[in-house]
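To start, the structure under review is shown below, and the notes come after it.
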Amino acid sequence: MERRESAASCGGCVLAVAGASVAALVWASSERTRLHMGGGFEGEGTDYSVLLTELPLVVAAGAALPALACALLIRVLRRRLRATAAATATESELHE
């Protein structure tokens, strides 16, 4: 049981890193970001403050979403295992 939880926890961390990376790449490739980072005519409209305001929020959201999904999955699996164990214990008591 403990090995499954460790594997699921490691899987959650891997998903969080992957989610943060994908979110940052999607953010960087968006048209809105290109305009803020100097995509306008002769650098018109360049605003590097998006690196301090938007990027950390995008990365945090990209990391949090898969981690929350993994935590929810672990919780559901634990409840199912407990319910199965309780049902098995009840059946074995009835047969004795």
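Hey, can you tell me all the residues within region 1-32 that are in contact with an Asp or Glu (Cβ under 8 Å, 6 or more places away or on another chain) and either open to solvent by 100 Å² or more (accessible area, probe 1.4 Å) or at pLDDT below 85 (or both)?
Answer for region 1-32, where residues must be in contact with an Asp or Glu (Cβ under 8 Å, 6 or more places away or on another chain) and either open to solvent by 100 Å² or more (accessible area, probe 1.4 Å) or at pLDDT below 85 (or both): there is none.
For region 33-52, how many residues are surrounded by fewer than 11 Cβ atoms within 10 Å (Cβ to Cβ) and at pLDDT 80 or above?
Summing the residues that are surrounded by fewer than 11 Cβ atoms within 10 Å (Cβ to Cβ) and at pLDDT 80 or above in region 33-52 gives 3.
The values are calculated or read from the model by the stated rules, or taken from the named source; none is laboratory data. As the structure is a computational prediction, the values presented were derived from the model and not from experiment. Positions of Cβ are backbone-derived with ideal geometry, glycine not excepted, and every protein chain shown enters the neighbour counts. Quick note on the areas: whole protein, heavy atoms, side chains included, nothing else; ligands and nucleic acids left out. Shrake-Rupley method; radii C 1.70, N 1.55, O 1.52, S 1.80 Å.
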